1. Quick one: in segment 39-49, which of the residues that are surrounded by fewer than 18 Cβ atoms within 10 Å (Cβ to Cβ) and under 16 Å from residue 69 (Cβ atoms) is modelled with the lowest pLDDT?
2. Name every residue in segment 57-91 that is over 13 Å from the mean Cα position of the chain (by Cα), among the aliphatic types (A, V, I, L, M) and outside any loop (DSSP other than H, G, I, E, B), in order of residue number.
3. Which condition breaks for residue 9 when tested against (1) within 30 Å of residue 116 (Cβ to Cβ); (2) at pLDDT below 95; (3) not acidic (Asp, Glu)?
4. Would a scan of segment 96-114 turn up a residue that is over 24 Å from residue 128 (Cα atoms), not assigned by TED's automatic domain parsing to the domain that holds residue 126 and not polar (S, T, N, Q)?
5. Can you tell me which residues in segment 16-70 are among the basic types (Lys, Arg) and within 16 Å of residue 90 (Cβ to Cβ)?
6. Could you pull out the residue among 91, 115, 86 that is among the hydrophobic types (A, V, I, L, M, F, W, C) and more than 23 Å from residue 23 (Cβ to Cβ)?
Amino acid sequence: MTVNATESYTLAEGAERALREQLLNCKNLGFPEEIVDAASKLKVTFTPEKESPFLPSALKLTESSSSLWALLGIFGHAICKNRYGVADDEVIVDLYSSSLFLMSAVLFRMEGKTVWDQHLMDRTKNMDLGQIWQPYRGLATNM
């Protein structure tokens, strides 16, 4: 979808579209039918509903992160309904919190050191299976 200056675009609409059209319809992800069925019955709300994009990125980071959190909520809801019979049929995702989650690695500090400190990089390198520490990989990554 292309948006021109005369059209309004909200992050909630983009996140909803990413969830419904991209994630839930992707057969390669192999979601159980119970999850896809539960998602069609759940009300998923992205708040605030009228927020315009605020991260300067063409990658739709807020929409991507928010749709992934909504998917997590859908899985959580299905598990709770199965185990405990919970009847609440709504998942609410805060756009600001899901965007801030993306920044959590940048904000992380350990004894005053950031994630880019060589000592911490050496300790966490074995967890970086995608080798995101390599600049060309980090710059080319889109969720």
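1. If we take residues in segment 39-49 being surrounded by fewer than 18 Cβ atoms within 10 Å (Cβ to Cβ) and under 16 Å from residue 69 (Cβ atoms), then 49 is modelled with the lowest pLDDT.
2. Within segment 57-91, 78, 79, 91 qualify.
3. If we test residue 9 against (1) within 30 Å of residue 116 (Cβ to Cβ); (2) at pLDDT below 95; (3) not acidic (Asp, Glu), just (1) comes out false.
4. Yes, because at least one residue in segment 96-114 is over 24 Å from residue 128 (Cα atoms), not assigned by TED's automatic domain parsing to the domain that holds residue 126 and not polar (S, T, N, Q).
5. Within segment 16-70, 20, 41, 43 qualify.
6. Result of the check over 91, 115, 86: 115.
Matching residues to (1) of a type outside the set (A, V, I, L, M, F, W, C); (2) surrounded by 12 or more Cβ atoms within 10 Å (Cβ to Cβ); (3) at pLDDT 85 or above:
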{"position": "59", "(1), (2), (3)": "no, no, no"}
{"position": "74", "(1), (2), (3)": "no, yes, yes"}
{"position": "83", "(1), (2), (3)": "yes, no, yes"}
{"position": "90", "(1), (2), (3)": "yes, no, yes"}
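The values are calculated or read from the model by the stated rules, or taken from the named source; none is laboratory data. These numbers were taken from a predicted model, which means no experiment stands behind them. Note: ideal-geometry Cβ built from the backbone for every residue, glycine included; neighbour counts use all protein chains shown.
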